1. If only one of Pro96, Pro82, Pro109 is assigned by TED's automatic domain parsing to the domain that holds Ile162, in contact with a Leu (Cβ under 9 Å, 6 or more places away or on another chain) and over 29 Å from Phe319 (Cβ atoms), which one is it?
2. So, Tyr135, is that one at pLDDT 95 or above, over 20 Å from Thr248 (Cβ atoms) and either of a type outside the set (A, V, I, L, M) or surrounded by 24 or more Cβ atoms within 10 Å (Cβ to Cβ) (or both) or not?
3. Sort out which residues of segment 248-263 are touching a residue at least 40 places away in the same chain (Cβ under 8 Å) and either surrounded by fewer than 16 Cβ atoms within 10 Å (Cβ to Cβ) or on the phi > 0 side of the Ramachandran plot (or both), and write them in order of number.
4. Counting only residues that are surrounded by 15 or more Cβ atoms within 10 Å (Cβ to Cβ), out of contact with any strand residue (DSSP E or B) (no Cβ under 8 Å at 6 or more places or on another chain), more than 20 Å from Pro311 (Cα to Cα) and not aromatic (Phe, Trp, Tyr), how many does segment 264-283 have?
5. Tally the residues that are touching a helix residue (DSSP H, G or I) at 6+ places or on another chain (Cβ under 6 Å) and over 17 Å from Thr196 (Cβ atoms), restricting the search to segment 222-240.
6. Does Thr178 satisfy being hydroxyl-bearing (Ser, Thr, Tyr) and part of a helix (DSSP H, G or I)?
7. Looking only at strands (runs of 3 or more DSSP E) that fall completely inside segment 71-165, which ones have 3 or more residues that are over 12 Å from the mean Cα position of the chain (by Cα)?
8. Of Asp306, Asp241, Asp212, which residue is assigned by TED's automatic domain parsing to the domain that holds Arg181, in a loop (DSSP other than H, G, I, E, B), surrounded by 16 or more Cβ atoms within 10 Å (Cβ to Cβ) and of a type in the set (Asp, Glu)?
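The values are calculated or read from the model by the stated rules, or taken from the named source; none is laboratory data. Quick caveat, the model's predicted, so the values are computed rather than measured. Here the Cβ positions follow ideal geometry from the backbone for every residue, glycine too, while neighbour counts run over all protein chains shown.
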Amino acid sequence: MTAIIRGELVLLAVSVILASLQSPTEAQARAQGKERPVEYPTAYRTTQIDGLPIFYREAGPKDAPTLLLLHGLPSSSRMFDPLFVRLADRYHLVAPDYPGFGHSDWPDPKKFAYTFDHIAAIMTHFTEALGLARYTLYMQDYGGPVGFRMILAHPERVEALIVQDAVAHNEGLGANWTTRRAFWADRASYESALRTNLLSLATTRSRHVGDDPDLERHDPDLWTDEYYFLNQPGQADIQSDLFYDYRTNVENYPKWQAWMREKQPRLLVIWGKYESSFDPSEPGSYRRDVPTAEIHIVDGGHFALDTAADPIAQYIRDFMK
């Protein structure tokens with residue numbers, strides 16, 4: 001027997017042994033050129049809440065600790081896809097779309113009050129419909145004012161808080177909020193300027209990229225999809241109404257701060273170092289309220305999950321332990 005033939009027989013024997021070590025499912029999947037099936041795939045569901053179809057994503061074992069994920073502007077539950085991929089093996093993840101966002105219903109603003117009080121009430125009813133009696137709140141951007149209202153309404157339901165690029169202090173609204181504050185003071189005079197400032201393609205892109213010098217790691221589909229969403233019929237009116245109500249968040253900041261100072265909740269703050277929508281002082285403001293707060297500055301922008309999903313998922317795992 002030649003050395004070449006002997007070598008081929010050895011390689012054949014090794015391949016047989018390796019194949020026997022694979023589970024039948026894995027071996028079959030690889031033979032078909034497919035990956036192993038996901039143990040906890042994401043389900044895309046819609047439920048009726050207060051007469052409105054509310055869309056949500058759900059994954060993970062329902063008897064595991066629940067993460068209720070509240071999105072920002074102008075995104076939807078889609079922004080949390082990176083966490084669903086990384087955390088559904090050990091947590092129950094639920095991410096709804098607010099009314100007027102994503103795949104939830106978009107009622108006419110002439111017939112539906114687009115206020116943070118109203119959206120928070122609907123989200124509270126949503127958790128009740130799903131039987132979510134206890135959860136950790138993950139709040140990003142608009143998720144902050146929605147989530148803090150839910151907390152004050154039912155503090156007993158909240159096990160812990162994760163704040164990612166969401167503001168609860170007036171100082172956290174930086175210099176680019178000048179036009180937005182003018183809009184709150186005189187809506188009629190500043191409506192056009194506000195829509196340009198808040199809903200333009202440039203602003204939509206900036207929310208993702210910020211001042212990150214490495215543009216090649218940012219998927220442009222994320223902001224072009226959001227810009228397409230913002231240009232659908234009725235969206236400009238919906239978002240203008242809701243942003244006009246944002247002034248009530250500023251009025252409520254002292255209440256949210258007082259609750260944090262009194263209750264000292266378990267708090268994880270995640271902040272993108274390229275954040276351009278809010279002031280970089282905001283993480284420190286949370287720590288003044290909750291000195292034990294865990295704070296991490298990550299390599300991302302306002303939507304930090306775009307580029308820093310791996311470290312954020314690890315911070316959440318460590319925090320939830």
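1. The unique qualifying residue is Pro109.
2. Numbers: at pLDDT 95 or above: yes; over 20 Å from Thr248 (Cβ atoms): yes; either of a type outside the set (A, V, I, L, M) or surrounded by 24 or more Cβ atoms within 10 Å (Cβ to Cβ) (or both): yes.
Spelling it out, Tyr135 is indeed at pLDDT 95 or above, over 20 Å from Thr248 (Cβ atoms) and either of a type outside the set (A, V, I, L, M) or surrounded by 24 or more Cβ atoms within 10 Å (Cβ to Cβ) (or both).
3. Residues of segment 248-263 touching a residue at least 40 places away in the same chain (Cβ under 8 Å): 248-250, 252-253, 255-257, 259-260, 263.
Matches in segment 248-263: Thr248, Lys255, Lys263.
4. 3
5. Looking only at that region, the number is 1.
6. Details: hydroxyl-bearing (Ser, Thr, Tyr): yes; part of a helix (DSSP H, G or I): yes.
When the stated conditions are applied, Thr178 passes them.
7. Working: elements: 92-96, 135-140, 158-164.
Strands (runs of 3 or more DSSP E) meeting the threshold: 158-164.
8. Values: Asp306 fails: in a loop (DSSP other than H, G, I, E, B); Asp241 fails: in a loop (DSSP other than H, G, I, E, B).
From the options Asp306, Asp241, Asp212, the qualifying one is Asp212.
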